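The values are calculated or read from the model by the stated rules, or taken from the named source; none is laboratory data. For clarity, every value in this text was computed on a predicted model and none was experimentally measured. Note that each Cβ is placed from the backbone with ideal geometry, even for glycine, and that neighbours are counted across all protein chains shown.
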Amino acid sequence: MKWSWKLVTIRGIEIKIHVTFLLVLIWGAMSWGSGGWSGAIYGTFLTLTVFVFVLLHELGHAVAAQRYNIPVHDILLLPIGGLARLSRMPEKPSQELVVSLAGPAVNLALILALLPFVAAGLAMQAVQGGTLRLPPTMTPGLLNLATFLLMTNVTLLLFNMLPAFPLDGGRVLRALLSMRLPSARATRLAATIGKIFALIFGMVALFTGNVSLALIAFFVFLGAGVEGQEATTREMLRGVTVAEAVDADAPTLPADAPAHLAFERLMRSPHGALAVLDQDGVFLGIVTRAGMQRQWTAGVRGQVLSFVEQPSLVMGGEATLDSARRDMVEAGTTIAAVFIQGCFAGLLDFEAIRRALTIRRSGGLMPGRMPSSG
């Protein structure tokens, strides 16, 4: 994401912070600033601590996902919380349940670690003062700090476990529903419940003037809508094979063609890459705009063969477009070479997937698919 800085890498996961996060630190300093510089420093420290817990929460999700060999792109800290960006969620409901619960489990572990200390402190305070009351968390102090940290983790745990998709609780709900219902239907049902919660959050924010809750309501509503649409998309793409969607008529380049011809065709072509074939029609690799520009700058000249690179992903024509799209995202590539029965069939890119999805939504026939008789 733009305007984000990398802080550190943990278990191969880049931890990033968005530039707007600085606004939260300023807010923390101002909220406790009535106590002078010491109060401002204390407020900034508490704010940072909250986001350390948010980071640990997201690391819980990320580490659980890695156990199922799901790549984790990064963890991004934003003013409204954190986001562990997984390449995909597990297909099995039981695995999604584990990944979804891993974040709240971290908060629960922190609560159990802090609870004895806070309980002992409150007990001592009650013995000495004769009353039992929560300490003022706005004032610096060891027990005050521990109480604040405890309450923060309780809040994170309870809020994230609300069954409002795509919050953790909503994902838990989706996983449980998926054990009984088709995945797409379970997702749409969980997304609808998430939108209902978002509307409730929005109404509460409207009557209380809580800007943070209003932002949360907006992102929950938006996220639920995106997830619901994504479920429908995946369902449609599962009904189309790569062989049906690949553009077999896309132009190719002969290996002995001059480099300028490749440039010209790439500039005119809607595709981001072109396949290079030898005289016998055997696939040799691909040329891309970025790759050719990079090698040309490095001084490479001559025939197209000098600019050929191997595709990052090769797949068979029997694969579904849903699995193909997932593999392309995980491989970090926009182009895949498709082979059918050992023969090169064409290149698959995201534009071909979008085109196939549009045809499916319109109820049309995929290229090469004949209407059934009778």
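General observations
- Failed condition for Ala217, given (1) free of Cβ contacts under 8 Å to residues at least 24 places away in the same chain; (2) out of contact with any Leu (no Cβ under 9 Å at 6 or more places or on another chain): (2)
- The stretch 6-22: number of residues that are of a type outside the set (D, E, K, R) and closer than 14 Å to Phe51 by Cβ: 8
- Tally of residues being modelled with pLDDT of 85 or more and over 26 Å from the mean Cα position of the chain (by Cα) across the stretch 233-251: 3
- Any hit, the stretch 221-233, residues being touching a residue at least 60 places away in the same chain (Cβ under 8 Å), among the acidic types (Asp, Glu) and farther than 30 Å from Asn160 by Cα: no
- Residues of the stretch 182-200 classified as buried (at least 16 other Cβ atoms within 10 Å of the Cβ) and more than 23 Å from the chain's Cα centre (by Cα), total: 0
- In the stretch 144-161, residue farthest from His57 (Cα to Cα) [restricted to those that are surrounded by 18 or more Cβ atoms within 10 Å (Cβ to Cβ) and free of Cβ contacts under 8 Å to residues at least 60 places away in the same chain]: Asn144
- Helices (runs of 4 or more DSSP H) within the stretch 207-298 that include 2 or more residues touching a Phe, Trp or Tyr at 6+ places or on another chain (Cβ under 9 Å) and not assigned by TED's automatic domain parsing to the domain that holds Leu177: 259-268, 289-297
- Residue count, the stretch 193-242 (criterion: closer than 30 Å to Ile340 by Cβ, of a type in the set (Gly, Ala, Ser) and touching a Pro at 6+ places or on another chain (Cβ under 9 Å)): 0
- Matching residues, the stretch 207-218, being β-branched (Val, Ile, Thr) and either touching a strand residue (DSSP E or B) at 6+ places or on another chain (Cβ under 9 Å) or surrounded by 15 or more Cβ atoms within 10 Å (Cβ to Cβ) (or both): Ile216
- Of the helices (runs of 4 or more DSSP H) contained entirely in the stretch 89-206, not one carries at least 1 residues that are touching a strand residue (DSSP E or B) at 6+ places or on another chain (Cβ under 8 Å), of a type in the set (S, T, N, Q) and in the same structural domain as Val63 (by TED's automatic domain parsing).
- Residue within the stretch 319-335 that is charged (D, E, K, R) and more than 27 Å from Ile70 (Cβ to Cβ) present: no
- Check on Glu351, in a loop (DSSP other than H, G, I, E, B), in contact (Cβ under 8 Å) with a residue 40 or more places away in the chain, on the phi < 0 side of the Ramachandran plot and among the charged types (D, E, K, R): no
- Residues of the stretch 219-251 satisfying the condition of being surrounded by fewer than 18 Cβ atoms within 10 Å (Cβ to Cβ) and in contact with a strand residue (DSSP E or B) (Cβ under 7 Å, 6 or more places away or on another chain): Arg238, Ala248, Ala250, Pro251
- Looking only at residues in the stretch 275-288 that are within 12 Å of Val304 (Cα to Cα) and free of Cβ contacts under 8 Å to residues at least 40 places away in the same chain, the one that is surrounded by the fewest Cβ atoms within 10 Å (Cβ to Cβ) is Asp278.
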